[in-house]
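The values are calculated or read from the model by the stated rules, or taken from the named source; none is laboratory data. The structure presented is a predicted model; accordingly, all values stated were derived computationally and were not measured. No Cβ is skipped: glycine too gets one built from the backbone with ideal geometry, and neighbour counts run over all protein chains shown. Ligands, DNA and RNA are excluded from the accessible area calculation, which covers all protein heavy atoms including side chains. Shrake-Rupley method; radii C 1.70, N 1.55, O 1.52, S 1.80 Å.
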Amino acid sequence: MGDGYKEVSQGTCKGLELDIGLIKFAIDTFLFSLEGIDVVLDMSWLASLGSIRVGWKKQCMCFQLASGLVELNRESSAKST
């Protein structure tokens, strides 16, 4: 995990469809039993987005897709402009 904690994966899901608001992504995931966490975005997936702007105070991130600028925030909604 990002904090150095080690957890054994319970398997994988290839091409899992992740809906965040109006945006859909197909991602490969590892399965973990993590209380209160829906998904952990790995570095390879984040790198595939290109440049990302993160607002740590607001807990949001913005990146560009072909459909426009996307903003993800802590409420798991997405805005595309």
Residue-ordered couplings for the stretch 56-70, obtained by feeding phi - 60° into the Karplus form 6.51 cos²θ - 1.76 cosθ + 1.60 and rounding to whole Hz (Gly and Pro as x), are 5, 5, 7, 6, 9, 9, 10, 8, 9, 10, 4, 7, x, 6, 10
Lys, Arg +1 and Asp, Glu -1 on Cβ, resulting dipole of the chain about Cα centre, debye, nearest 20: 340 debye
What are the ³J(HN,Hα) values, in whole Hz, obtained from phi via the Karplus relation 6.51 cos²θ - 1.76 cosθ + 1.60 with θ = phi - 60°, for each residue of the stretch 30-46 in sequence order, with x given for Gly and Pro? 9, 9, 9, 8, 10, 4, x, 10, 7, 7, 10, 7, 7, 4, 5, 5, 4
Cross-chain or 8 or more residues apart, Cα under 19 Å: how many lysine pairs in the chain fit that? Count them up, please. 4
Could you report the chain's accessible area per residue, 1.4 Å probe, as an integer in Å²? 79 Å²
Compute the relative contact order of the chain as a whole-number percentage, counting only Cα pairs closer than 8 Å that sit 6 or more residues apart in sequence. 22 percent
How far, in nm, would the chain grow between Gln59 and Leu31 when pulled straight, counting 0.36 nm per residue and subtracting the alpha carbon separation? 7.7 nm
Simple spin-label estimate for Leu69 and Leu22 in nanometres, 7 Å along Cα-Cβ: 1.4 nm
With springs only between Cα atoms under 10 Å, which of Gly36, Gly11, Gly55 fluctuates most in a Gaussian network model of the chain? Gly36
If we count chymotrypsin sites (Phe, Trp or Tyr not before Pro) as exposed when they sit in a DSSP loop and have at most 11 other beta carbons within 10 Å, what is the longest stretch of the chain that avoids them all? 6-55
In 10 Å bins starting at zero, report the fraction of Cα pairs in the chain per bin as a rounded %. 15, 48, 32, 5
